[in-house]
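Report on the structure given below.
The values are calculated or read from the model by the stated rules, or taken from the named source; none is laboratory data. Given the structure is predicted, the values throughout are model-derived calculations rather than measurements. Cβ coordinates were reconstructed from backbone atoms using ideal geometry, including for glycine residues, and neighbour counts include every protein chain displayed.
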Amino acid sequence: MGVQPDDVNTGCSAISVQSLNFAYVSAPVLTDVTFTLHPAAVGLLGPNGSGKTTLLRALLGHLPLPPAAVSVLGHDMALAGRVARSRLGWMPERGGLLPGMSGVAMVSYLGELAGMPARDALQRAHEVIDYVGLAEERYRPVQDYSQGMRQRIKLAQALVHDPAWLFLDEPTSGLDPKGRAAMLGLVRDLATQKGLGVIISTHLLADAQAVCSEILVLREGRLLAHERVAPAREGAQERFEIEGFGDETAFAERLRAAGATVARDGRFTVVSVPAGRGAAVILEAGAACGYAMRRMRRRAVTLSEHFLELVEG
């Protein structure tokens with residue numbers, strides 16, 4: 001179900017994009033993109049070339065924008081992008097390291113570039129390096145870091161100046177399963193426990209399913225969906241396809257009253273219910289209205305499945 005405008009906070013903690021169009025030379029990259037976000041973990045999904053990186057650059061104020069098209073933390077990015085960027089953290093997929101510097105020196109230096117006094121930047125650098133799990137490697141030159149360590153130090157530099165929003169471009173790129181799980185755990189903690197807004201641009205749908213409560217889906221520069229999703233760890237849904245006979249309308253009304261979502265797919269009634277309630281809800285609704293089922297089969301429900309429906313539909 002799409003997120004409605006009145007479902008979200010449009011105050012100074014929010015990101016608002018209104019009818020955003022952008023083109024490099026003459027080729028349109030973003031077309032009439034509109035959404036509003038409040039602080040949460042948001043997955044930015046889409047095929048290669050869909051406009052994800054361009055949208056992140058627009059949110060960071062790195063592109064020439066028309067007035068009132070992009071507002072971040074209450075600032076119009078066409079007019080006050082520099083002010084807003086002081087509260088934004090950016091973790092690029094490629095680059096983002098300063099060879100010849102140790103981890104703590106690099107993070108501290110970037111904190112100073114963000115406007116922090118040198119002493120505060122150094123103290124904060126030590127804190128965020130501890131947080132991302134690089135305490136024992138803080139004095140090691142960053143060019144000698146492994147891929148997992150490089151991703152962690154890039155997250156640390158994005159956090160050093162205490163941002164309100166983080167923009168992460170493929171944060172688990174090149175990580176092994178253990179490193180990927182650790183990175184996703186940090187992202188989840190930042191969004192749910194530390195209260196930061198996090199936008200994760202990723203091609204790994206499992207990453208979005210693991211940590212995100214909302215998704216934005218782009219295709220060919222257009223926003224196909226802005227929806228809330230149930231993270232894999234909680235709020236999962238079970239979906240059943242049912243074929244039977246009886247009063248279809250009464251059966252559907254009973255199911256909806258019990259908190260289920262009901263749709264038609266050809267000859268089947270497709271019912272989605274919160275995980276754990278399962279078939280009991282369906283059987284009780286059928287018994288209550290005399291609906292006889294000749295077939296009930298469970299369907300898989302995944303973000304991957306939904307994503308493919310969106311981008312291929």
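Before moving on, here are some points about what is shown:
- Helices (runs of 4 or more DSSP H) lying entirely in the stretch 52-146 (those with 2 or more residues that are in contact with a helix residue (DSSP H, G or I) (Cβ under 9 Å, 6 or more places away or on another chain), of a type in the set (A, V, I, L, M, F, W, C) and in contact (Cβ under 8 Å) with a residue 24 or more places away in the chain): 103-113, 118-131
- One residue from R140, R82 being more than 25 Å from C12 (Cα to Cα) and basic (K, R): R140
- Of the residues examined, A69 is not one that is surrounded by fewer than 16 Cβ atoms within 10 Å (Cβ to Cβ) and over 29 Å from M183 (Cα atoms).
- Any hit, the stretch 156-164, residues being modelled with pLDDT of 90 or more and either farther than 18 Å from S108 by Cα or among the hydroxyl-bearing types (S, T, Y) (or both): yes
- Look at the stretch 200-221: where a residue is within 12 Å of L44 (Cβ to Cβ) and a partner is outside any strand (DSSP E or B) and basic (K, R), sitting 6+ places away or on another chain with Cβ atoms under 8 Å, you get S201/K52; D207/R180; L218/K52.
- From the list L255, L190, L168, L224, the lone residue that is at pLDDT 85 or above, surrounded by 21 or more Cβ atoms within 10 Å (Cβ to Cβ) and assigned to a strand (DSSP E or B) is L168.
- Filtered by the rule that a residue be on the phi < 0 side of the Ramachandran plot and either touching a Leu at 6+ places or on another chain (Cβ under 6 Å) or not assigned by TED's automatic domain parsing to the domain that holds L204 (or both), the stretch 36-53 gives L44, S50, K52.
- Across the stretch 22-38, the number of residues qualifying as within 14 Å of the chain's Cα centre (by Cα) and either part of a strand (DSSP E or B) or crowded, with 20+ Cβ neighbours inside 10 Å (or both) comes to 3.
- Test: residue in the stretch 116-127 that is surrounded by fewer than 20 Cβ atoms within 10 Å (Cβ to Cβ) and of a type in the set (S, T, N, Q): yes
- Meets criteria (surrounded by fewer than 17 Cβ atoms within 10 Å (Cβ to Cβ) and within 27 Å of T54 (Cα to Cα)) for P92: yes
- Some residue of the stretch 227-240 being at pLDDT 90 or above and either surrounded by 15 or more Cβ atoms within 10 Å (Cβ to Cβ) or among the hydrophobic types (A, V, I, L, M, F, W, C) (or both): no
- Close pairs (7 angstrom Cβ cut-off, 6 or more residues apart or separate chains): in the same structural domain as G197 (by TED's automatic domain parsing) and under 20 Å from R85 (Cβ atoms) in the stretch 1-25, modelled with pLDDT under 75 and among the polar types (S, T, N, Q) anywhere: S16/T10
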